[in-house]
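Everything on this sheet refers to the single structure shown next.
The values are calculated or read from the model by the stated rules, or taken from the named source; none is laboratory data. Keep in mind that this is a model prediction, so the values were computed, not measured. Here the Cβ positions follow ideal geometry from the backbone for every residue, glycine too, while neighbour counts run over all protein chains shown.
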């Protein structure tokens, strides 16, 4: 008689094997069929909004049991407008070019061989995420559009919502002729299931964790397949001596306050000493008016009475809430040094009217995205024109920044001859 642990291991293996089979079948699905599934799924999500909200209400009711913060609950909550947004995201993905089969480059050799480098799906994606039911649909859509089967392992916090969404997506898939197991939601919230999946590299091609640092570090440590990840989002805005303070204020407030509990929100402000006092009063003052607590250096605390002395830890903290660190620096070189030291390599911004300074900043900053005179909040698949993204990678191998359709593909070489043999 098998043990519960053996049963769980077998369940995970069955899911992964089914995904591998579906992945092979997906290679034969046309872009037109995949787009048809996306459009029909969007219609089904809109018509099924009442069942989705009913399921979401169960998740919200259980949220206090999980000790979720206000920011985490905000990520979890669905309403008619957000469900409509999920459906619209699927339609936007359908409008994007299908990357599968695209020729990246090609050539003809002197012997007449035709060499073409062609985009192909990665295969099977194991996607682990927390507390955001909209991500369930986004991930399913972007994986399937790029020809990948996906195993979705959502957090227990959004279990009911994710189930309701995936049931709709799978029902539509069956109706239109998409392989049955192209989209699967892991049916158990047992944390041990993640460990089992991470050992199944013979079936799963890539793991993508999206959530807290603890989850991502666990996946990175245990996975036997490649991992696309980012640990946290300690994003900076640098206000240069040649900055327009009105622009800097608008950018800093948007970057920090437009939505605080997300990875591309600004968590640290760096200010050139030449304009420090007016910038602290105007820009940081506007953040204080928004209820943001200031963890500042000596000059910041000297100018702003409510500022709290910053610690070394503060400069490396992703607050995900109403707090920010502030540092005054002597010049752009000092700003670059500070940011590269404490950054999580996610998103940084510079506010300046000096193009030479901007180019230096962009060249020297080692992050996935660098903004010039724009909010860090724009580092997003939708805002970059990629459609929904499956995550934002701070890695340097394979994918960096928002991971859209092309980032979920690899390539292979197609060689066409007419009888050539090698001498």
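Yes or no: the stretch 267-288 includes at least one residue that is within 19 Å of residue 69 (Cβ to Cβ) and not in a strand (DSSP E or B). Scanning the stretch 267-288 turns up no residue that is within 19 Å of residue 69 (Cβ to Cβ) and not in a strand (DSSP E or B). Listed by first and then second residue, the pairs linking a residue in the stretch 6-24 that is assigned by TED's automatic domain parsing to the domain that holds residue 143 to a residue that is surrounded by 12 or more Cβ atoms within 10 Å (Cβ to Cβ) and assigned to a helix (DSSP H, G or I), with Cβ atoms under 7 Å apart and 6 or more places separating them unless they lie on different chains, are 8/192; 8/193; 8/196; 9/196; 12/193; 12/196; 12/197; 16/197. Within the stretch 60-107, being touching a helix residue (DSSP H, G or I) at 6+ places or on another chain (Cβ under 7 Å), over 28 Å from residue 39 (Cα atoms) and not in a loop (DSSP other than H, G, I, E, B) holds for 60, 63, 66, 73. State whether one or more residues within the stretch 377-386 are within 24 Å of residue 262 (Cα to Cα) and assigned to a helix (DSSP H, G or I). Yes, that holds for at least one residue. Taking the criterion of being assigned to a loop (DSSP other than H, G, I, E, B) and touching a helix residue (DSSP H, G or I) at 6+ places or on another chain (Cβ under 6 Å), the residues of the stretch 307-320 that qualify are 307, 316, 320. Quick one: is residue 164 closer than 30 Å to residue 334 by Cα and either at pLDDT below 95 or not in a loop (DSSP other than H, G, I, E, B) (or both)? For residue 164, the condition - closer than 30 Å to residue 334 by Cα and either at pLDDT below 95 or not in a loop (DSSP other than H, G, I, E, B) (or both) - is not met. Taking the criterion of being over 24 Å from residue 292 (Cα atoms) and assigned to a helix (DSSP H, G or I), the residues of the stretch 212-260 that qualify are 214, 215, 216, 217, 218, 219, 220, 221, 222. The residues listed here are 392, 336; of these, the one that is surrounded by 15 or more Cβ atoms within 10 Å (Cβ to Cβ), in contact with a helix residue (DSSP H, G or I) (Cβ under 6 Å, 6 or more places away or on another chain) and not assigned by TED's automatic domain parsing to the domain that holds residue 125 is 336. Go through the stretch 227-251 and count every residue that is in contact with a strand residue (DSSP E or B) (Cβ under 8 Å, 6 or more places away or on another chain) and either within 25 Å of residue 320 (Cβ to Cβ) or modelled with pLDDT under 95 (or both). The qualifying residues number 13.
Can you confirm whether residue 103 is modelled with pLDDT under 95 and exposed (fewer than 14 other Cβ atoms within 10 Å of the Cβ)? For residue 103, the condition - modelled with pLDDT under 95 and exposed (fewer than 14 other Cβ atoms within 10 Å of the Cβ) - is not met.
The single residue among 367, 353 that is in a loop (DSSP other than H, G, I, E, B) and under 19 Å from residue 247 (Cβ atoms) turns out to be 353. May I ask you to verify whether residue 172 is buried (at least 20 other Cβ atoms within 10 Å of the Cβ) and at pLDDT below 95? No, not satisfied.
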